[in-house]
Structures are given as structure tokens and as C-alpha cells.
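One structure below.
The values are calculated or read from the model by the stated rules, or taken from the named source; none is laboratory data. Since the model is a prediction, treat every value here as computed from it, not as a measurement. Backbone-built Cβ (ideal geometry, glycine too); neighbour counts: all protein chains shown.
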Amino acid sequence: MSLSGLLASKRLQRHRAHPHEIESLRKLVARDLKDAALVGLSADRTFATAYNAVLQLSKAALACAGYRVSSTLPGHHQTTFEAAGIVLGSPARPFTDYFETCRRQRNVIDYDYAEVATDSEAEDLLKKAVRYQNLVEAWIATQHPRYKP
């Protein structure tokens, strides 16, 4: 779907972000990436915490671009990754597509079962989260320098 389609369906809304909002999201990302890297954390918690970091990074990108996802409608995580992939462009699509598959697994981890993620899945998501953070921050610096840290 396109941004105009997401706006028309009310899954996405126009939004003017304040620099403080972006900085707060950065703090969440830093906390989650640090926590996800803790030695001894279960694979499930590493996975879910790294997932939250990429969700917040995607929200930050959308906010910088002038959008936010309607959290009152179902599927707001899915919409966040879909819209972030559009806003950030083709370099981000492999990440946002991957995070969409992670979303389903994170739901199982958080709501249904334990011992869902493997150590390698958790490590892979954490590595991709750090690479995605670099991509998002570089995009913000070039496309929306007002929000640079």
C-alpha cells in the first residue's frame, strides 16, 4: 500500500513531531538495545526487547517524516513497519519486511508461549536492530536534520 492509501484508510495520520518526542524514542531504543545485549537474558526476552527497539526506530522515522500510526486500530505494529518501509525507501525494505515476520513471533512470545525464539534468532534480530538503527539515524541526518541528536 502507499502512504496515501494508509492515510485514506486512517491507519496512518499526519503528525508534526517535536524534537523532544524523537529524543524520547531514541532513549527507548538505547535502553532496549542495551537490555537485549545483556548476557544471560533468555532468547525470548532478547528477541522481544530487540523487537521493541526496531518498532521505536520505525516510529521515530515516521514521526520525522510527518506521520504516526493510529494505535486505536488493530495491526498498528504491522502498519508501522509497512509505513516505515515506504518512508525510508528501498534500503530499509529488507529490514522492515524481516521485522514484520518477527512481529508475529514476538506476539507468540509475549502472549502465548515461552521458549519460542532460539538463541540464533534472537542474536540475528539484535544484529539487524543495530544495523537498522544506523540506517534510520543516517536517514534522519540527511532527510530531516532538524531531528538530529
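Here region 80-102 is the region considered, the condition is being of a type in the set (D, E, K, R) and surrounded by fewer than 17 Cβ atoms within 10 Å (Cβ to Cβ), and the residue that is farthest from residue 42 (Cα to Cα) is 93.
Would you mind stating whether residue 49 is modelled with pLDDT of 95 or more and over 18 Å from residue 22 (Cα atoms)? Judged against the criteria, residue 49 is a match. Tallying residues that are part of a helix (DSSP H, G or I) and touching a strand residue (DSSP E or B) at 6+ places or on another chain (Cβ under 8 Å) within region 1-52 yields 3. Of all residue pairs spaced 6 or more apart or on separate chains, those with beta-carbon atoms under 8 Å, a first member in region 40-66 that is without any contact (Cβ under 8 Å) to a residue 60 or more places away in the chain and over 25 Å from residue 138 (Cα atoms) and a second member that is surrounded by 23 or more Cβ atoms within 10 Å (Cβ to Cβ) and among the polar types (S, T, N, Q) are 41/49.
In this structure, does residue 12 turn out to be at pLDDT below 95 and closer than 18 Å to residue 77 by Cα? In short, yes. Would you check if residue 96 is part of a helix (DSSP H, G or I), out of contact with any Pro (no Cβ under 8 Å at 6 or more places or on another chain) and hydroxyl-bearing (Ser, Thr, Tyr)? Criteria met by residue 96. Of everything in region 1-29, what is small (Gly, Ala, Ser) and in contact (Cβ under 8 Å) with a residue 40 or more places away in the chain? Give them in sequence order. If the condition is that a residue be small (Gly, Ala, Ser) and in contact (Cβ under 8 Å) with a residue 40 or more places away in the chain, then 2, 17 are the ones that fit. In region 99-132, which residues are free of Cβ contacts under 8 Å to residues at least 40 places away in the same chain, over 17 Å from the mean Cα position of the chain (by Cα) and in a helix (DSSP H, G or I)? Correct list: 108, 111, 120. Checked against (1) surrounded by fewer than 22 Cβ atoms within 10 Å (Cβ to Cβ); (2) out of contact with any Asp or Glu (no Cβ under 6 Å at 6 or more places or on another chain), residue 132 passes all but condition (1). Taking region 99-128 as the range and being basic (Lys, Arg) and under 14 Å from residue 55 (Cβ atoms) as the test, the residues that pass are 103, 104, 106, 128. Which condition does residue 116 not pass, out of (1) modelled with pLDDT under 90; (2) under 20 Å from residue 13 (Cβ atoms), if it passes all the others? That leaves (2) as the condition not met. Looking only at region 67-98, residues that are among the hydrophobic types (A, V, I, L, M, F, W, C) and either more than 18 Å from residue 5 (Cβ to Cβ) or free of Cβ contacts under 8 Å to residues at least 60 places away in the same chain (or both) come to 6 in all.
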